[in-house]
Amino acid sequence: MNDDHTHVQEFFSARAADWDTRFPDDGPAYAAAVADLRLRKGDRVLDAGCGTGRALPSLRAAVGPSGVVLGADLTPAMLQAAVRAGRDRHGRLLLADVSALPLRSGSLDAVFAAGLIAHLPRPVDNLRELARGVRPGGTLALFHPIGRAALAARQGRRITPDDLRAEAHLGPLLARSGWRMTSYVDEDARFLALAVREG
């Protein structure tokens, strides 16, 4: 992906209004992925690249009223769609670039990122910035509601050997970025890689 975020904003701006109607059955997959993150009451969690905020209700339920839920996205139209859907009630929405988070170092317990990695212009640097925001021992979930093969088929393409989400690539990528991958699932029904922030 080009370093110019304009392309990402244009892509998602054009799709924001009907994003949720295009994928109406993803809710249970989001809830299951959030459950696998094993958040605790009172935790502080960021939904990085939150889009229309589909994970925010599950994240709020997991951390409870004493927890902090943030949703950051680069595209204003996606955040506006999240507000229209009422998901801003579950967390604070931030217009922000995940490559330069407006957060103190170590201020988060976890990061949830759905569909984000394919849109990162500098994956090592961008994942390192997510690591900066998380305390040592905190967690990261890289999620997609369908697996790599199913997503490629939906988009009319094939998985390429250099796919960053392949287990052989993702583990070392995370390690170079301050994370240690602890779990990897790539099935038709979902993609979920979990990692722990190294100390």
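The values are calculated or read from the model by the stated rules, or taken from the named source; none is laboratory data. Computed from a predicted structure; not experimentally measured. All Cβ positions, even for glycine, are placed from backbone atoms using ideal geometry, and neighbour counts span all protein chains on display. Ligands, DNA and RNA are excluded from the accessible area calculation, which covers all protein heavy atoms including side chains. Shrake-Rupley method; radii C 1.70, N 1.55, O 1.52, S 1.80 Å.
Structural remarks
- Residue, modelled with the highest pLDDT, within segment 31-79, restricted to residues that are crowded, with 19+ Cβ neighbours inside 10 Å and of a type in the set (S, T, N, Q): Ser58
- Checking each residue in segment 159-189 for being in contact with an Asp or Glu (Cβ under 6 Å, 6 or more places away or on another chain) and open to solvent by 70 Å² or more (accessible area, probe 1.4 Å) picks out only Arg180.
- Of all residue pairs spaced 6 or more apart or on separate chains, those with beta-carbon atoms under 7 Å, a first member in segment 135-153 that is within 11 Å of Leu37 (Cα to Cα) and a second member that is acidic (Asp, Glu) are Gly138/Asp109; Ala141/Asp36.
Rundown of residues vs (1) in contact (Cβ under 8 Å) with a residue 40 or more places away in the chain; (2) on the phi > 0 side of the Ramachandran plot; (3) in a loop (DSSP other than H, G, I, E, B); (4) among the charged types (D, E, K, R), yes/no style:
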site	(1), (2), (3), (4)
Leu46	yes, no, no, no
Thr52	no, no, yes, no
Ala77	yes, no, no, no
Asp88	no, no, no, yes
Ser99	no, no, yes, no
Ser105	no, no, yes, no
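- Reported count of residues in segment 115-149, each being in a strand (DSSP E or B) and open to solvent by less than 20 Å² (accessible area, probe 1.4 Å), is 6.
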